[in-house]
Amino acid sequence: SVYYWDLLKDQPEDVKKEIIQTKIPRKIRMWHNLIGSLDATQKAINNWVAQPIASGLGITESRISYVTDHMTEEDMRRSKQIVAERKQRQAQKQLEKAAADAA
């Protein structure tokens, strides 16, 4: 079996074109062209249709960006500290529960 990328590896550009036309079967060339075209189409649709719609609906932003966008650095630091303390308490409770279940 001949792999498309093995035939073209380390070849000059003019030799690549000749190899593609002579050594790679037509069905494989068509398959690679189809996949490349589908990929390019998907990327274009994503960039020109999906992204503008998603941005317009506001679904590309964080769920809490309306809060965090207006926080000062001090507010953000304090918020992170509170979250870390909550996580630490939750982990401690889980350890205590695991120790009680094991006993």
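The values are calculated or read from the model by the stated rules, or taken from the named source; none is laboratory data. These numbers come from a predicted model, not from an experiment. Cβ atoms come from the backbone with ideal geometry, glycine included; neighbour counts cover every protein chain shown. All accessible areas refer to the heavy atoms of the entire protein, side chains included, with ligands and DNA or RNA removed. Shrake-Rupley method; radii C 1.70, N 1.55, O 1.52, S 1.80 Å.
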Can you name the number of the only condition in (1) open to solvent by 100 Å² or more (accessible area, probe 1.4 Å); (2) under 25 Å from the mean Cα position of the chain (by Cα) that R26 fails? (2)
Just checking, does the stretch 2-17 include any residue being among the β-branched types (V, I, T), without any contact (Cβ under 8 Å) to a residue 12 or more places away in the chain and open to solvent by 100 Å² or more (accessible area, probe 1.4 Å)? no
Which pairs do you get when a residue that is closer than 15 Å to D6 by Cβ, found in the stretch 20-43, comes within reach of a residue that is in a loop (DSSP other than H, G, I, E, B), reach meaning Cβ atoms under 9 angstrom, with the pair 6+ apart or on two chains? K23/V2; I24/V2; P25/V2; I28/V2; H32/I24
Tally time: how many residues in the stretch 29-61 are under 19 Å from the mean Cα position of the chain (by Cα) and of a type in the set (K, R)? 1
When every residue in the stretch 69-84 that is modelled with pLDDT of 95 or more and hydrophobic (A, V, I, L, M, F, W, C) is compared, the one farthest from the chain's Cα centre (by Cα) is I82
Does E96 qualify as being open to solvent by 90 Å² or more (accessible area, probe 1.4 Å), acidic (D, E) and either within 30 Å of the chain's Cα centre (by Cα) or at pLDDT 90 or above (or both)? yes
For Q88, state whether it is more than 30 Å from the chain's Cα centre (by Cα), open to solvent by 70 Å² or more (accessible area, probe 1.4 Å) and either over 30 Å from Y3 (Cβ atoms) or of a type in the set (K, R) (or both). yes
If the Cβ limit is 8 Å and pairs must be 6+ apart or interchain, which residue in the stretch 51-80 that is part of a loop (DSSP other than H, G, I, E, B) pairs with which residue that is surrounded by 10 or more Cβ atoms within 10 Å (Cβ to Cβ)? T60/Q51; T60/A54; S62/T68; M71/S79
